[in-house]
Amino acid sequence: VTVLLPVHMPPMLLPYAIECVLAQSQTDFELMVVCDGAPKETAACARSYGERDARVRTFDFTKGERNGEAHRHTVLLEASGVFVAQIADDDIWFPDHLTETETLLAAADFGHVIHTAAHRDGSVTALACDLSNPAVRRRLINDKYNGFGPTFCAYRLDAYRRLPEGWAPAPASVWSDLYMWRKFLRRADMTFNSRAVVTAVHLPAVERR
């Protein structure tokens, strides 16, 4: 698995994200930390992990347009995994996430596990989304609706490389992840899967002090 970890913030939370990847029960992965104009201490933090574990590589870019999506494409040109997964620097994977990702994509090009978020009041929410349903796929393509973020999504690298355009800056009116998902979902030659398991948690930044 190739794991993308984009970051543009100071490194207070970055070690948690890196360490939850290193703690995966599936150990055959490459972790690519994509610094999108991040402070120098962020790149230094990521490189310190690479000095201890050769699976961790750091790519230090100047700030890219919007969320630095083009940098993700640049990094994927060097990827060697069969599958691609992504984690935000302030989210957490549980140890079985990559194992479940491989199950998810055993017979699919693109898919996701359940987008789950934990909130400051102690509540937990989960988004219902089933990509096997054509109506759901049409809604993702046509409406301002997204059923999962990057931390919960995965795709086959060979499927990504069949796209005319990969990660690229999204128009201001479209969420950058949804803009990418639509590139897969519009393709008649792609297969899709949703897996009803909880293997990660999103910690909404807007709720943190």
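The helix-based estimate of mean residue ellipticity at 222 nm for the chain, built from -39,500 (n - 2.57) per DSSP H run of four or more residues and divided by its residue count, is -8500 deg cm²/dmol to the nearest 500. With contacts taken as Cα pairs under 8 Å and at least 6 residues apart, region 87-193 reaches a relative contact order of 35 percent. Note on surface exposure: TRP175, TRP167 rank TRP175, TRP167 by accessible area, highest first, 1.4 Å probe. Residue separation of ARG57 and LEU163 scaled by 0.36 nm, minus their Cα-Cα distance, works out to 35.7 nm of gained length. Taking only the C-alpha atoms of region 73-196, Rg followed by Dmax gives 14.2, 43 Å.
If contacts are Cα pairs under 8 angstrom and at least 6 residues apart, what is the relative contact order of the chain in percent? Let's see the in-between values first.
Working: 407 pairs, mean separation 53.2, N = 209.
Taking the mean separation of contacting Cα pairs over the length of the chain, I get 25 percent.
Across region 1-121, the convex hull enclosing all Cα atoms gives 118 Å³ per residue.
Considering only protein heavy atoms and a 1.4 Å probe, what is the carbon-and-sulfur percentage of the accessible area of the chain? In the chain, the share of accessible area belonging to carbon and sulfur is 54 percent.
Summary value for region 37-108: 21 percent relative contact order, contacts being C-alpha pairs under 8 angstrom separated by 6+ residues.
For region 41-147, the solvent-accessible area with a 1.4 angstrom probe is 49 square angstrom per residue.
Stokes-Einstein diffusion of the chain at 10 °C, 1.306 mPa s viscosity, Kirkwood radius from Cα pairs, rounded to a whole number: 92 µm²/s.
Result for the chain in a Gaussian network model with C-alpha springs under 10 Å: among ASP96, ASP109, ASP121, the largest mean-square fluctuation is at ASP121. Please check: in the Gaussian network model of the chain (C-alpha springs, under 10 Å), which one of ALA159, ALA172, ALA107 has the largest mean-square fluctuation. Of the options given, ALA172 has the highest mean-square fluctuation. From largest to smallest, the equivalent ellipsoid semi-axes obtained for region 150-209 from the alpha-carbon gyration tensor read 24, 18, 9 Å. Annotation for region 93-175: trypsin sites (Lys or Arg not before Pro) lying in DSSP loop with at most 16 further Cβ atoms inside 10 Å of their Cβ are ARG120, LYS144.
Strictly greater than 16 Å: what percent of every Cα pair in region 1-40 meets that? Everything past 16 Å amounts to 35 percent.
Mean-square fluctuations from a GNM of the chain, with a 10 angstrom spring cutoff on Cα atoms, peak among ALA188, ALA23, ALA126 at ALA188.
For the pair ALA172 and ARG139 in one chain, pulling the backbone fully straight at 0.36 nm per residue adds 9.9 nm over the alpha carbon distance. With a Förster radius of 30 Å applied to the beta-carbon distance between ALA44 and SER132, the computed FRET efficiency rounds to 0.10.
The values are calculated or read from the model by the stated rules, or taken from the named source; none is laboratory data. The structure presented is a predicted model; accordingly, all values stated were derived computationally and were not measured. Every residue, glycine as well, gets a Cβ built from its backbone with ideal geometry; the counts of neighbours run over all protein chains shown. Accessible surface is based on the protein model in full, side chains and every heavy atom, while ligands, DNA and RNA are left aside. Shrake-Rupley method; radii C 1.70, N 1.55, O 1.52, S 1.80 Å.
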